[in-house]
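Following: one structure in structure tokens, then a few remarks.
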Amino acid sequence: MENIGCKGCVATVRLSQEEINKIFGETVKVKQVKLVTEDEYSDRLEKCSLCEYLDYGTTCRFCGCIVQIKAKLVGARCPYPYQPRW
């Protein structure tokens, strides 16, 4: 399999939605986290899904974050250079 982008990424970085939910759930339990509305979350994820810098359907090539988690956070911003997408 050809790996384009992050040199450290391998097939094991691919996460299922179940794994993402588990990670996010554990994060919310530990910290009080402010979340965006479901509409804002859906809008952010849609923009991420159209981005050519989204790897594996989960990982932002600019910051390395799991977009399904970052997109839920009120204070988070898209790291796309010069023109953040959300």
Practice task
Within the stretch 51-79, track down each residue that is hydroxyl-bearing (Ser, Thr, Tyr) and within 10 Å of the chain's Cα centre (by Cα).
Solution key: 58, 59
Practice task
Would you tally the residues in the stretch 39-86 being of a type in the set (Val, Ile, Thr) and touching an Asp or Glu at 6+ places or on another chain (Cβ under 7 Å)?
Solution key: 0
Exercise for the section: Within the stretch 56-77, count every residue that is farther than 16 Å from residue 34 by Cα and surrounded by fewer than 19 Cβ atoms within 10 Å (Cβ to Cβ). Expected result: 8
Practice task
Search the stretch 29-50 for residues being surrounded by fewer than 17 Cβ atoms within 10 Å (Cβ to Cβ), assigned to a loop (DSSP other than H, G, I, E, B) and of a type outside the set (Lys, Arg), and hand back the single one that is modelled with the lowest pLDDT.
Solution key: 32
Practice task
Kindly indicate whether any position in the stretch 9-28 is of a type outside the set (Asp, Glu), at pLDDT below 80, surrounded by 10 or more Cβ atoms within 10 Å (Cβ to Cβ) and touching a Lys or Arg at 6+ places or on another chain (Cβ under 6 Å).
Solution key: no
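The values are calculated or read from the model by the stated rules, or taken from the named source; none is laboratory data. Since the structure is predicted, the reported quantities are computational estimates derived from the model, not experimental observations. Cβ atoms come from the backbone with ideal geometry, glycine included; neighbour counts cover every protein chain shown.
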